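Below is one structure, written out as structure tokens; comments come after it.
The values are calculated or read from the model by the stated rules, or taken from the named source; none is laboratory data. Worth saying up front: this structure is predicted, and the values here are computed from it rather than measured. For neighbour counting, all protein chains shown are included, and Cβ atoms are generated from backbone atoms with ideal geometry for every residue, glycine included.
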Amino acid sequence: MKHLMTTALAVSLLAGPALADIKLSGYGRTGLVYYEDDGRDPDANETQISSRVRLDVNASVEAEGLTFGANFRVQWDQGDAGVETISPGQLYVTADGFTAYVGNVIPAFDGAALLKQSRLGVFERSWGGDPQGRFFLGADKGYGDYSDRIGLALKYTTGGLTVRASYVDPDQTGHQESGPGYAEETALALHYKLSDSLEFSAATAQNGAGFKGNDLYFVGARYSLTRAARVGLNFIDNGTQLPRSAGTVGSPGNTVTLYGDYKIGKTTLGGYVAHNSGDWARKQTNASFGVGASYDLGRPFLAASLQRDYDDRLYADMGVRFDF
């Protein structure tokens, strides 16, 4: 009897008033990447193998109608020797359509629906259709120079409407407030699904990536012509700050992107054409384009793309990805 009572007590303690729900998810991908004269080293190999392993860890618990949770990410990319692989953490609480986040939040502009839907290939890139300016992203590995960065975000969903708002302070200690790249970024995004066929999205980031006066704007729409075919149109005002890869001279301008995809059985074909009005160091053309295809094997899929960037350089990839 004593043994049975001890066992029952142990089970009771393990059960507790609320059990945590711990979920693991992620993906692996690998493939070949060709990037014509990528600008790093004229003698470097233009074709390389690229791989990634990502593990997302999410733990949550429910109490009094609220869901409290926390998550972080472990990610390895080819060439990551000596680089951080664990992301900063994020905590959240959810109730009645509202979710509040603190920590490594996904800023509203970065998480805006339809903003990056022109991406192609197994590595999900869009050399012409993606934003060409700078704004804060959710960190996959670490904050880099922003060790004291803090983010706050709020998401509300009702029916077909989703509203996101975020605030990112690159240095909440205030030590770097006067330095370039240390202004506080605020962002807002709206997404409305009018029907199963039509959806709209809009977003703005003020002081994007911490640069004062670097204000970005985005509007986009996507329409399902049939169950198999979709077409979208995006406009992005890229602000004033170029990404580091483009150099420091010039302007990121505005980008207009027309994109679409068509599904045939297990195969999905996609493509985009984009026009950018900016002017920067290596830019050779105002037009960029891309075509791609993927084949669904169940949870894994095969994918490939061929794209041309604004520097008039060709990019191609092919490989496999599996989600778990």
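Looking at the structure I just gave you, is TYR143 of a type in the set (Phe, Trp, Tyr) and outside any strand (DSSP E or B)?
Details: of a type in the set (Phe, Trp, Tyr): yes; outside any strand (DSSP E or B): yes.
The answer is yes for TYR143.
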Just checking, does the range 278-287 include any residue being crowded, with 18+ Cβ neighbours inside 10 Å and assigned to a strand (DSSP E or B)? yes
Are any residues in the range 236-274 part of a strand (DSSP E or B) and over 30 Å from PHE301 (Cβ atoms), and if so, which ones? ASP237, GLY250, SER251, ASN254
Residues in the range 151-187 that are of a type outside the set (Ser, Thr, Tyr) and within 17 Å of VAL102 (Cβ to Cβ): how many? 15
Is it the case, given these coordinates, that GLY265 is at positive phi and surrounded by 17 or more Cβ atoms within 10 Å (Cβ to Cβ)? no
Quick one: what pairs do we get from the range 96-119, first residue at pLDDT 95 or above, second among the polar types (S, T, N, Q) and assigned to a loop (DSSP other than H, G, I, E, B), C-beta under 7 Å, 6+ apart or different chains? ASN104/SER87; LYS116/SER126; SER118/SER126; ARG119/SER126
Tally up the residues in the range 208-244 that are more than 22 Å from HIS191 (Cβ to Cβ) and of a type in the set (Lys, Arg), please. 2
Among the residues of the range 206-235, how many are of a type outside the set (S, T, N, Q) and in a strand (DSSP E or B)? 14
If I go through the range 163-205 residue by residue, how many of them are of a type in the set (Ser, Thr, Tyr) and assigned to a strand (DSSP E or B)? 6
Within the range 90-122, which residues are surrounded by fewer than 21 Cβ atoms within 10 Å (Cβ to Cβ), out of contact with any Lys or Arg (no Cβ under 8 Å at 6 or more places or on another chain) and among the aromatic types (Phe, Trp, Tyr)? TYR92
Of the residues in the range 210-254, those that are of a type in the set (A, V, I, L, M), within 30 Å of ASP171 (Cβ to Cβ) and modelled with pLDDT of 95 or more come to LEU216, ILE236
Meets criteria (over 14 Å from TRP127 (Cβ atoms), out of contact with any Asp or Glu (no Cβ under 6 Å at 6 or more places or on another chain), among the charged types (D, E, K, R) and touching a residue at least 12 places away in the same chain (Cβ under 8 Å)) for ARG321: yes
TRP76 passes all but one of the listed conditions (1) surrounded by fewer than 21 Cβ atoms within 10 Å (Cβ to Cβ); (2) in contact with an Asp or Glu (Cβ under 6 Å, 6 or more places away or on another chain); the exception is number (2)
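Quick check on my filter: what residues within the range 84-112 are farther than 28 Å from GLU199 by Cβ and not in a strand (DSSP E or B)?
GLU84, THR85, SER87, PRO88, GLY89
Tell me yes or no: at least one residue of the range 74-97 is of a type in the set (A, V, I, L, M, F, W, C), touching a Ser or Thr at 6+ places or on another chain (Cβ under 9 Å) and under 20 Å from LYS141 (Cβ atoms).
For the range 74-97, residues of a type in the set (A, V, I, L, M, F, W, C), touching a Ser or Thr at 6+ places or on another chain (Cβ under 9 Å) and under 20 Å from LYS141 (Cβ atoms): present.
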Would you check if there is a residue in the range 123-139 being modelled with pLDDT under 95, surrounded by 20 or more Cβ atoms within 10 Å (Cβ to Cβ), among the aromatic types (Phe, Trp, Tyr) and part of a loop (DSSP other than H, G, I, E, B)? yes
So how many residues does the range 146-162 have that are modelled with pLDDT of 90 or more and outside any strand (DSSP E or B)? 4
So ARG149, is it among the basic types (Lys, Arg), surrounded by 16 or more Cβ atoms within 10 Å (Cβ to Cβ) and under 27 Å from GLY278 (Cα atoms): no
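What number of residues within the range 152-164 are of a type outside the set (D, E, K, R) and under 16 Å from the mean Cα position of the chain (by Cα)?
Qualifying residue count for the region: 1.
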